[in-house]
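Participant: Handing you a structure now.
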Amino acid sequence: MTRFKIGAVSLLLLAACKGLPFFGGHSQPAPSRGAVKGTGRQGVQVPPRTVMEVQDIQYDGWTLSGRVLVSPEGGQLRLDRRLIPTIHVELKYVSDCKYGAVASIRADLLAPLARPEDLLILEPGYWYGTTVRFGLFDEHFTGLGPECVEADIFLRSFDHELVARQRIRAVRPASVDGGTQSDEGGTLEVPASPPDAGTP
């Protein structure tokens with residue numbers, strides 16, 4: 001075998017072990033659902049003073065979106081009012097509900113520098129939220145996503161500290177693939193709407 005062939009085979013094996021840079025969540029085990037407080041994945045401590053709910057989850061096999069609502073319990077919470085996806089609201093550990101880890105697209109963005117007017121001080125008893133969207137699958141790189149997906153949503157404060165996490169689950173509507181999937185459609189694991197949700 002020539003040096004060129006040996007090098008090419010080694011490169012392919014390395015890529016298979018490490019995963020391509022734009023695919024995420026291959027080797028991480030799925031955590032328990034609904035974990036918002038306590039110790040997060042890989043020993044990351046999540047402060048037990050912030051409540052996060054994810055509502056109106058939508059998934060079409062390509063994109064997942066939902067409304068993220070947050071409220072502090074034990075004191076003020078410093079938030080960036082923009083809540084930029086992948087910067088302040090991260091989606092990680094995407095998996096097929098039945099078969100575990102699945103290749104998905106992970107986008108890394110560079111957010112504009114935070115300005116003083118972007119800082120929101122949220123008091124206990126008030127909720128703040130926004131709708132976020134994540135492109136998970138692509139026609140060329142991954143193909144249509146599985147019928148049901150699970151993922152972790154992480155929320156970071158204005159100072160980029162991890163303050164909450166939530167495991168969500170969503171089902172692709174049957175109409176996306178011509179009706180061959182189950183007719184459940186819609187979403188699963190959607191928390192009840194908190195009273196007086198919105199900005200203070």
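Quick note: the coordinates plus some simple rules give every number you see, no bench work behind them. All figures in this text were calculated on a predicted structure; none of them were measured in a lab. Please note: Cβ atoms are built from the backbone with ideal geometry, for glycine as well, and neighbour counts cover all protein chains shown.
Participant: Can you grab the distance from the C-alpha centre of region 121-142 to the C-alpha centre of region 54-81, Å, no decimals?
Facilitator: Cα centres, region 121-142 to region 54-81: 5 Å.
Participant: Local charge sum around Lys98 (other residues, Cβ-Cβ under 12 Å, Lys/Arg +1, Asp/Glu -1)?
Facilitator: Details: positive: Arg169; negative: Asp96, Glu147, Glu150.
Net charge in that neighbourhood comes out at -2.
Participant: In the neighborhood of Arg78, defined by Cβ-to-Cβ distances under 10 Å, what is the net charge if each Lys or Arg adds +1 and each Asp or Glu adds -1?
Facilitator: Values: positive: none; negative: Asp80, Asp159, Glu161.
Its environment carries a net charge of -3.
Participant: Listed highest first by mean packing, meaning other Cβ atoms within 10 Å per residue, what order do 116-129, 70-83 come in? Working shown, then result.
Facilitator: Details: 116-129: 14.1, 70-83: 17.5.
Order by mean packing, descending: 70-83, 116-129.
Participant: Would you please give the residues with an amide H less than 5 Å from that of Val51, counting only those at least 5 places away or on a separate chain, with H modeled from the backbone geometry?
Facilitator: Residues meeting the amide H criterion: Ser71, Glu73.
Participant: Follow-up question, since we're still on this one. So what's the net charge close to Asp159: Lys and Arg +1, Asp and Glu -1, counting the other residues with Cβ under 13 Å from its Cβ?
Facilitator: In short, -1.
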